[in-house]
1. With PHE225, PHE214 as the choices, which residue is within 18 Å of the chain's Cα centre (by Cα), among the aromatic types (Phe, Trp, Tyr) and more than 26 Å from TYR72 (Cα to Cα)?
2. Can LEU84 be described as in a helix (DSSP H, G or I), over 18 Å from LEU263 (Cβ atoms) and not small (Gly, Ala, Ser)?
3. Among VAL82, VAL86, VAL117, which is modelled with pLDDT under 90 and either aliphatic (A, V, I, L, M) or touching a Phe, Trp or Tyr at 6+ places or on another chain (Cβ under 8 Å) (or both)?
4. Please note which helices (runs of 4 or more DSSP H) are completely contained in region 1-75 and include at least 3 residues that are under 30 Å from PHE268 (Cβ atoms).
5. Find the residue count for region 123-137, including only residues that are surrounded by 15 or more Cβ atoms within 10 Å (Cβ to Cβ), over 20 Å from the mean Cα position of the chain (by Cα) and assigned to a helix (DSSP H, G or I).
6. Which residues, counting only those in region 202-231, are surrounded by fewer than 15 Cβ atoms within 10 Å (Cβ to Cβ) and either aliphatic (A, V, I, L, M) or over 26 Å from PHE56 (Cβ atoms) (or both)?
7. Looking at region 217-256 only, could you name the residues that are part of a helix (DSSP H, G or I) and touching a Pro at 6+ places or on another chain (Cβ under 9 Å)?
Amino acid sequence: FLGKILMIQISSGFLLVFYYSNSSFFSFDSVQYLMFEVNEGWFFRLLHFNFVSLFFIVSFLHFLKGFFYSSYRLKSVWSVGVILLVFLMLISFLGYVMVWSQMSFWAGIVITSLLGVVPYLGLDFILFFWGAFIFGGNSLKFFFALHFLLPFFLVFLVFFHLYFLHFYSSSSSLFFFSFFVKKSFYPFFWFKDLLNIFLVLVYFGFFLIAPFFFSDFLMFEEINFLVSPVHIVPEWYFLFAYAILRSFTSKVLGVFLLFLSILVFLGFVFLGSKKGLNDISNKSLVLVFV
């Protein structure tokens, strides 16, 4: 299911590239041109914009399922999965900035400025990502290049994820580790795929009815270098990290815990291989994740 959504995102993004301009002067206008002038352009833009939310919904559910069934026992599979989540969030943030609206522009400045907490090299990192002494056209070109290339690297990581999954076998939902005790493809997985298709169609209808449900009004306001927005609201799938960042007066501590909120999942591979479904610590992990 996640693979299907990833292919939809890559395909729709490839079509959007033909009409997008990575110039700081024309990027916002190119998005509006795509929405109002290109035949069916609004559909592909909204498809790309809304299906990333579906991607994160299913990814978080996949993560929750991994916690519930103690999938962190499969160290290689779990580690690659966490890295996949990190790159997925990075790619989404790059796409968020590429709209080059009032909200996304200032969000790009705020988030890239956080790299300044790195000792000694912080300023160099900021200037590298900005491509100049200000966040502007060079930054947008750099973000556009990364947003175009990194999804293909994401596909590469997915193959590694599947390779390790099939190499070490999976943590079956029913804990049937024997190759002789397996479910037949029909009707179990046949109905499972039908359910996936049904859920996609339901979400498809939802985003056609409320296409900007996950957006903010400042995403439709053209960039103003001289005026900061009244508020910065990240996409909903970044809210947990942004809330951690804003909860501390210390910038260094906030940035450290922001990255730790994601990378901490890599530490679960050291919890041991004997955790079961009824283990109290496993139940606690599931509740904490929720």
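The values are calculated or read from the model by the stated rules, or taken from the named source; none is laboratory data. What you see is a predicted model; the values in this text were computed from it and never measured. Cβ placement follows ideal geometry from the backbone for every residue including glycine, while neighbour counts extend to all protein chains displayed.
1. Within the list PHE225, PHE214, the selection yields PHE214.
2. In short, no.
3. Sole residue among the options that is modelled with pLDDT under 90 and either aliphatic (A, V, I, L, M) or touching a Phe, Trp or Tyr at 6+ places or on another chain (Cβ under 8 Å) (or both): VAL117.
4. 2-17, 41-68
5. 4
6. VAL202, LEU208, ILE209, ALA210, GLU222, ASN224, PHE225, LEU226, VAL227, SER228, VAL230
7. Of the residues in region 217-256, the ones part of a helix (DSSP H, G or I) are 217-220, 236-246, 251-256.
Selection gives LEU218, ALA241, TYR242.
Conditions (1) buried (at least 19 other Cβ atoms within 10 Å of the Cβ); (2) in contact with a His (Cβ under 8 Å, 6 or more places away or on another chain), marked per residue:
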position	(1), (2)
LEU16	yes, yes
SER23	no, no
GLU37	no, no
PHE43	no, no
LEU47	yes, no
ASN50	yes, no
